[in-house]
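> My questions all concern the structure below.
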Amino acid sequence: GNDTRIKTSLSVGTTSTLVGATTVSGALNANGGITVDTNKFIVADSTGNVATAGTLAATKSTTLSSTLSVGNDTRIKTSLSVGTTSTLVGVTTVSGALNANGGIAVDTNKFTVADTSGNVATAGTLEVTQTSTLSGLLNANAGIAVDTNKFTVADTSGNVATAGTLEVTQTSTL
């Protein structure tokens with residue numbers, strides 16, 4: 001029933017078992033590592049690596065000075081700000097609007113959207129399966145071919161050929 005108080009230090013040469021709540025009011029020097037409930041929380045002796053079998057909750061800012069490695073999905077509830085270049089490996093899905101406020105470059109120059117003008121360039125073929133509306137000038141600098149050869153405008157001469165009937169509703173000069 002009585003408390004035992006030690007005013008200086010206590011040295012125990014072998015394993016100690018404390019039953020009940022233990023309060024330490026000073027620095028805990030655990031020079032052999034820390035293990036809680038077999039494997040629920042571990043601080044490794046030689047490296048200081050920490051492992052927890054449960055959820056790690058932090059209510060204040062967390063600063064990491066090295067690489068963060070995550071073994072499964074990661075969910076961020078508000079926003080993620082990355083200070084420099086990011087590399088994403090594998091398929092990336094964005095379920096909201098993508099605000100690319102510095103332009104877009106796919107495979108260096110295969111598909112680009114210029115930052116300030118919004119100009120789009122593609123190094124490959126642009127395929128459109130639905131109706132397209134162009135409200136500016138169309139520059140077709142290699143000629144025009146509709147349905148292979150149904151209507152063509154030759155690149156260098158500008159000669160026009162049609163496989164069908166040419167109908168003119170206004171005055172035509174030939």
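The values are calculated or read from the model by the stated rules, or taken from the named source; none is laboratory data. Keep in mind the model is a prediction, meaning the values are calculated, not measured. Virtual Cβ from ideal backbone geometry, glycine too; neighbours counted across all protein chains shown. All accessible areas refer to the heavy atoms of the entire protein, side chains included, with ligands and DNA or RNA removed. Shrake-Rupley method; radii C 1.70, N 1.55, O 1.52, S 1.80 Å.
> Rolling a 1.4 angstrom probe over the protein heavy atoms, how many square angstrom per residue are accessible across region 35-118? Please list the in-between numbers first.
Working: 8030 Å² over 84 residues.
For region 35-118, the per-residue accessible area is 96 Å².
> Where the accessible area of region 13-139 is counted over protein heavy atoms with a 1.4 Å probe, how much of it, in %, is carbon and sulfur? Let's see the in-between values first.
Details: 6210 of 12300 Å².
On region 13-139, the fraction of accessible area on carbon and sulfur atoms equals 50 percent.
> For region 76-174, divide the Cα radius of gyration by the Kirkwood radius and give the resulting Rg/Rh value with two decimals.
Values: Rg = 21.5 Å, Rh = 18.7 Å.
Checking Rg against Rh, the ratio lands at 1.15.
> Let me ask something additional. For region 114-123, what does the Karplus curve 6.51 cos²θ - 1.76 cosθ + 1.60, with θ = phi - 60°, yield as ³J(HN,Hα) per residue in whole Hz, taken in order and with x for Gly and Pro?
5, 4, 7, 9, x, 4, 10, 9, 10, 8
> Please report the orientation-averaged projected area of the chain, defined via the convex hull of its C-alpha atoms, in nm².
Values: hull surface 88.2 nm².
Result: a mean projected hull area of 22.0 nm².
> Here is a follow-up. Please list the three semi-axes, largest first and in whole Å, of the ellipsoid equivalent to region 97-145, using sqrt of 5 times the eigenvalues of its alpha carbon gyration tensor.
Values: eigenvalues 103, 39, 29 Å².
Gyration-tensor ellipsoid for region 97-145: 23, 14, 12 Å.
> Once the dipole of the chain is set up with Lys and Arg at +1 and Asp and Glu at -1 on Cβ about the Cα centre, which of G90, S172, T23 lies farthest towards its positive end?
Comparing the listed Cα positions along the dipole, T23 ranks first.
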